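Structure, as structure tokens:
The values are calculated or read from the model by the stated rules, or taken from the named source; none is laboratory data. From a predicted model like this one, the values you see are computed outputs, not experimental measurements. All Cβ positions, glycine included, derive from the backbone under ideal geometry; neighbour counts span all protein chains shown. For accessibility, only protein heavy atoms count, side chains too; no ligands or nucleic acids. Shrake-Rupley method; radii C 1.70, N 1.55, O 1.52, S 1.80 Å.
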Number of protein chains: 2
Amino acid sequence: MENIDAVFKSIDEHQDEFIDLLRESVAIRSVSADPARRGDCIRMSEWARDQLRTLGAETSFWDLGKQQLQSGEELPLPPAVFGVYGRDKSKKTLLIYGHLDVQPAEKEDGWNTDPFELTEIDGKLFGRGSTDDKGPVIAWIAVLKVLKNLGIELPINIKFVLECMEESSSEGLEKGLEDNIDKISDVTYSCISDNYWLGRNKPCLTYGLRGICYYFVEISCARQDLHSGINGGSVPEALNDLMWIMSQLVTVDGQILIPGIAERVAPLTKDEDDLYDKIDFCVDTFKQETGSHGLISDSKKNLLMNRWRYPSLSLHGVEGAFSQPGAKTVIPAKVIGKFSLRIVPHMTPEATDKLVTSYLDSLWAKRKSPNTFKITSGHGGMPWVADFRDANFSAGSRAIERVYGMTPDFTREGGSIPVTLTIQDLTKSPVMLLPIGASDDMAHSQNEKINRENFVKGMKVLAAYLFELAV
Amino acid sequence: MENIDAVFKSIDEHQDEFIDLLRESVAIRSVSADPARRGDCIRMSEWARDQLRTLGAETSFWDLGKQQLQSGEELPLPPAVFGVYGRDKSKKTLLIYGHLDVQPAEKEDGWNTDPFELTEIDGKLFGRGSTDDKGPVIAWIAVLKVLKNLGIELPINIKFVLECMEESSSEGLEKGLEDNIDKISDVTYSCISDNYWLGRNKPCLTYGLRGICYYFVEISCARQDLHSGINGGSVPEALNDLMWIMSQLVTVDGQILIPGIAERVAPLTKDEDDLYDKIDFCVDTFKQETGSHGLISDSKKNLLMNRWRYPSLSLHGVEGAFSQPGAKTVIPAKVIGKFSLRIVPHMTPEATDKLVTSYLDSLWAKRKSPNTFKITSGHGGMPWVADFRDANFSAGSRAIERVYGMTPDFTREGGSIPVTLTIQDLTKSPVMLLPIGASDDMAHSQNEKINRENFVKGMKVLAAYLFELAV
């Protein structure tokens, strides 16, 4: 830890070099969703491997197999990059996950600058991938460069797992990790920098994610669509049944009406409860940013808990009904209503499926409709919650205090980052989410950016975290 | 009436000529919805005018102005054909309406034959427009040809109004009729052959059509779509509000829940009630043909009344929500629910709008949602009901008895044919719908046809009707 000031000084001095490195990576158009850019994704994996190799890591490619396109065509998946720094059995081993593929971006979508040319304006580094997730990966590489240049020995062993398919459901990664489980079985801790601060000003560490259960309710009243003039009044209509069912899932203020769900939610502990008051989050700003006409609660604590630690149920839409602008006098023959539940500990997809199915079946029995009714559940995902008081989070927290002079907020997120659970389960190690970008970085949107300050201070946090972990 | 047997004989003898005439008209691809076919529609009007002129009618074109396409382009509307046979003030005057434009059709859509080449298979004449509505128009022309060839004087004056935009909302026709109101003010009766028998075997005369009121319920919860992971549980969702509203419009068995609607429905008279028992309609066949899983009633009388003489409410769909296949975790920001009411005497669109708006407003007040809520009504249409005991229907009924040896069913339809009311209102004459095609003619669908027998007997019915009207 005596070297940390020298490390911070070197990061400051060389920051423009690291921004150039980020620029180089942003210029590679690694859009994983675009089959035409698959070559760029593979080139991106090669670029990352070469960076790690130049720094002295043992590197290898994990072949993740092929992707089957809907057209029937097969495309090679970009290989995952595996890099190993140090094999000192007396040291802890940190697994660092990141991804180097990006969301699609075109200048015409409304970017102010070329999305694949990193451009600094007023201390903001604009470019696709600048914050999601090339910036954090380059920050790690920068830290290793600095340590190498200063001749400082790594306080812990590091294993990198970098992929280029994250924006396309991390296709192939889970199998890649399973196939190479012997190479990651010695991991002590894992760290993922692929999310964002809750706001713009205060760093946070993220210890929870909700899971998801997705449902399809299919109701059919006839073989083909009917005409509401000719047939209106003759058949019990499928869409009417569906709306009746879907209107009984959740109240206007978000209370889930499915019996048994509330009972499964993990009770609030005092430690967790205490976290909320300190969190830097403004209800009014949230309301303005979403443009909501109203919120389910005006209390900061309730609102955050509703988004993070309680389940929520959202209605998404209807397939098979009239959905275009204008007027059409159709009685849809078959409609599929879609809704999902965000699940939290101690809920599981399996138990949730049972509760949902049983409730919908009982509603349907009450309906006494002659129509056909079918519930299907989509692929479910477990929630993830870590112990925010463990050694991993303590190291992260102390690193942030050292750089920012403040204790981070301990936050959760309402969505899912499935790789988190995969890594935790396969490495049997505690995982921490350590975001370095701010809430307004516009990941997935136009004019994605990372602030120069977040990027540079992020490197310092990551460096300090390595040393704190070793303590 | 002493000539009628000679007329029938001549129709039988010359039927192949009239089928050739139908073939000639079917070959003109007068698809009014296709701007590229506008020239064919105009040619179709010219063809019809020339036919009437050759038969000795005074003919003229009514210029209906221009059509504004969504592209901004303007296209000329095909002119309506106005034809006058006879101006004998001692005789009654019959207005005959028909249309010569057709729905789109391509062999690739699933036609067994070229849709624009009339093809006879097993006594069925397949071709686009064969039954909707070129067949009935040609049947009228055939009747006049026969009378001319036999040297029989017309027992009444006839005025033809033929258009080529019916399948595109009869654009321009109402204004054309209004502009020429002095030319049709002497009309005694009107007759429209643009619908179908209720079944395949028994002729009918149609005395009622339902009107329509169409509604858009717009609810908005945010400025833009939200992510159900990040935001689920924080905002009262627009789609949830919408489904709650839309589930309270009509019961599973079709009972409309909007107060005040039922009270406005014209009471059932004994005369009308007596009609239903005799009607040739099979509930099981209807169920099979629609492929319905269940019907609102298994009683023939109730089912027909529900479709014809009682209002019905149908839900059509939702605009703005997720409607594609698959799973999307969106919270739609703004959704527009669509439903319509088929209205019957003594309901009016204006009164219905008031009842619907007032009911929805009261539901919304109960909902206590912070979201924005707006109801818009589309263009409403009045119902139409004629007196099935009037002289027009009596003449039609006697004509059918003479040809088919049976009394026709007196039927209504659940949908709308707006020109019916327009003609009734502008001519101040009683209108009768006199279908000649059968229920399985597949108007608007693939393999549209008219049976040779329906076509030939249809000519005889129209001829007999002319003489019966004069009695």
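I'd like the full set of residues that are open to solvent by 30 Å² or more (accessible area, probe 1.4 Å) and either in a loop (DSSP other than H, G, I, E, B) or closer than 20 Å to A:LEU198 by Cβ (or both), limited to the stretch A:461-471.
A:VAL471
Anything in the stretch A:407-438 that is surrounded by fewer than 20 Cβ atoms within 10 Å (Cβ to Cβ) and of a type in the set (Ser, Thr, Tyr)? List them, or say none.
A:THR407, A:THR422
Test each condition in (1) hydrophobic (A, V, I, L, M, F, W, C); (2) free of Cβ contacts under 8 Å to residues at least 12 places away in the same chain; (3) open to solvent by less than 40 Å² (accessible area, probe 1.4 Å) for A:LEU125 and report the one that comes out false.
(2)
Are any residues in the stretch A:107-118 modelled with pLDDT of 95 or more and either open to solvent by 40 Å² or more (accessible area, probe 1.4 Å) or under 28 Å from A:MET1 (Cα atoms) (or both), and if so, which ones?
Those that are modelled with pLDDT of 95 or more and either open to solvent by 40 Å² or more (accessible area, probe 1.4 Å) or under 28 Å from A:MET1 (Cα atoms) (or both): A:ASN112, A:ASP114, A:GLU117.
Any idea which of A:SER416, A:SER439 is under 30 Å from A:LYS354 (Cβ atoms), in contact (Cβ under 8 Å) with a residue 60 or more places away in the chain and either within 14 Å of chain B (Cβ to nearest Cβ) or over 20 Å from the mean Cα position of the chain (by Cα) (or both)?
Step by step, each of A:SER416, A:SER439 is checked, and only A:SER416 is under 30 Å from A:LYS354 (Cβ atoms), in contact (Cβ under 8 Å) with a residue 60 or more places away in the chain and either within 14 Å of chain B (Cβ to nearest Cβ) or over 20 Å from the mean Cα position of the chain (by Cα) (or both).
Looking at (1) more than 26 Å from B:ASN454 (Cα to Cα); (2) in contact with a helix residue (DSSP H, G or I) (Cβ under 9 Å, 6 or more places away or on another chain); (3) open to solvent by 30 Å² or more (accessible area, probe 1.4 Å), which is the only condition B:PRO35 fails?
(2)
Pairs only if they're at least six apart or on different chains, beta carbon under 8 angstrom, first in the stretch A:1-30 and closer than 14 Å to A:THR119 by Cα, second open to solvent by 70 Å² or more (accessible area, probe 1.4 Å); list them, first residue then second.
Here the result reads A:ILE19/A:GLU120; A:ARG23/A:GLU117; A:VAL26/A:GLU117; A:ALA27/A:GLU117, each pair linking the stretch A:1-30 to a residue that is open to solvent by 70 Å² or more (accessible area, probe 1.4 Å).
Working only within the stretch B:317-343, note down all residues that are within 7 Å of chain A (Cβ to nearest Cβ) and of a type in the set (A, V, I, L, M, F, W, C).
Scanning the stretch B:317-343 gives B:VAL318, B:ALA321, B:PHE322, B:ALA327, B:VAL330, B:ILE331.
For a quick check of your reading: which helices (runs of 4 or more DSSP H) sit entirely within the stretch B:140-245 and have at least 2 residues that are touching a residue at least 12 places away in the same chain (Cβ under 8 Å) and crowded, with 22+ Cβ neighbours inside 10 Å?
B:173-179, B:228-231
If you scan the stretch A:91-108, which residues turn out to be free of Cβ contacts under 8 Å to residues at least 24 places away in the same chain and over 23 Å from the mean Cα position of the chain (by Cα)?
Across the stretch A:91-108, the qualifying residues are A:LYS107, A:GLU108.
Could you tell me which numbered condition A:GLY458 fails, if it satisfies all but one of (1) open to solvent by 20 Å² or more (accessible area, probe 1.4 Å); (2) part of a helix (DSSP H, G or I); (3) of a type outside the set (Phe, Trp, Tyr)?
Evaluating A:GLY458 over (1) open to solvent by 20 Å² or more (accessible area, probe 1.4 Å); (2) part of a helix (DSSP H, G or I); (3) of a type outside the set (Phe, Trp, Tyr) leaves (1) as the failure.
Restricting to the stretch A:246-259, name every residue that is open to solvent by less than 10 Å² (accessible area, probe 1.4 Å) and acidic (Asp, Glu).
Answer for the stretch A:246-259, where residues must be open to solvent by less than 10 Å² (accessible area, probe 1.4 Å) and acidic (Asp, Glu): there is none.
Residues that are among the polar types (S, T, N, Q) and closer than 21 Å to B:ARG23 by Cα: does the stretch B:90-97 have at least one?
Checking the stretch B:90-97: not a single residue is among the polar types (S, T, N, Q) and closer than 21 Å to B:ARG23 by Cα.
With the condition kept exactly as written, say whether any residue in the stretch A:246-255 is within 11 Å of another protein chain (Cβ to nearest Cβ), touching a helix residue (DSSP H, G or I) at 6+ places or on another chain (Cβ under 7 Å), among the β-branched types (Val, Ile, Thr) and within 23 Å of B:THR329 (Cα to Cα).
Checked against the condition, which is being within 11 Å of another protein chain (Cβ to nearest Cβ), touching a helix residue (DSSP H, G or I) at 6+ places or on another chain (Cβ under 7 Å), among the β-branched types (Val, Ile, Thr) and within 23 Å of B:THR329 (Cα to Cα), the stretch A:246-255 yields at least one hit.
Within the stretch A:314-343, restricting attention to residues that are closer than 17 Å to A:MET243 by Cβ and in contact with a helix residue (DSSP H, G or I) (Cβ under 6 Å, 6 or more places away or on another chain), which residue is most open to solvent (accessible area, probe 1.4 Å)?
Filtering the stretch A:314-343 for residues that are closer than 17 Å to A:MET243 by Cβ and in contact with a helix residue (DSSP H, G or I) (Cβ under 6 Å, 6 or more places away or on another chain), the one most open to solvent (accessible area, probe 1.4 Å) comes out as A:ALA321.
Taking B:PHE82 and the conditions (1) touching a Ser or Thr at 6+ places or on another chain (Cβ under 8 Å); (2) under 15 Å from B:ALA142 (Cα atoms); (3) not in a helix (DSSP H, G or I), which numbered condition does it fall short on, given that it satisfies the others?
Against the list (1) touching a Ser or Thr at 6+ places or on another chain (Cβ under 8 Å); (2) under 15 Å from B:ALA142 (Cα atoms); (3) not in a helix (DSSP H, G or I), B:PHE82 comes up short only on (2).
Can you pull out the residues in the stretch B:273-299 that are under 17 Å from B:ASN201 (Cα atoms) and among the charged types (D, E, K, R)?
Selection gives B:ASP277, B:LYS278, B:ASP280, B:ASP284, B:GLU289.
For B:ILE158, indicate whether it is over 15 Å from B:VAL419 (Cα atoms), over 18 Å from the mean Cα position of the chain (by Cα) and β-branched (Val, Ile, Thr).
Yes, satisfied.
What number of residues within the stretch A:383-393 are part of a helix (DSSP H, G or I) and open to solvent by 40 Å² or more (accessible area, probe 1.4 Å)?
Result for the stretch A:383-393: 1.
Could you check, for the stretch B:400-407, whether at least one of its residues is more than 24 Å from B:ALA6 (Cβ to Cβ) and either among the polar types (S, T, N, Q) or touching a helix residue (DSSP H, G or I) at 6+ places or on another chain (Cβ under 9 Å) (or both)?
For the stretch B:400-407, residues more than 24 Å from B:ALA6 (Cβ to Cβ) and either among the polar types (S, T, N, Q) or touching a helix residue (DSSP H, G or I) at 6+ places or on another chain (Cβ under 9 Å) (or both): present.
Let's see how each residue does on (1) within 8 Å of another protein chain (Cβ to nearest Cβ); (2) of a type outside the set (A, V, I, L, M):
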position: A:LEU315; (1), (2): yes, no
position: A:HIS346; (1), (2): no, yes
position: A:ASP353; (1), (2): no, yes
position: A:SER362; (1), (2): no, yes
position: A:SER369; (1), (2): yes, yes
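Okay, residues lined up against (1) among the acidic types (Asp, Glu); (2) within 22 Å of B:GLY83 (Cβ to Cβ); (3) at pLDDT below 95:
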| position | (1), (2), (3) |
| --- | --- |
| B:GLU2 | yes, no, yes |
| B:LYS9 | no, no, no |
| B:ASP12 | yes, no, no |
| B:GLN15 | no, no, no |
| B:GLU24 | yes, yes, no |
| B:GLU46 | yes, yes, no |
| B:ASP50 | yes, yes, no |
| B:ALA57 | no, yes, no |
| B:TRP62 | no, yes, no |
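How many residues are farther than 22 Å from B:ILE336 by Cα, more than 7 Å from chain B (Cβ to nearest Cβ) and buried (at least 20 other Cβ atoms within 10 Å of the Cβ) when one looks only at the stretch A:292-313?
Result for the stretch A:292-313: 4.
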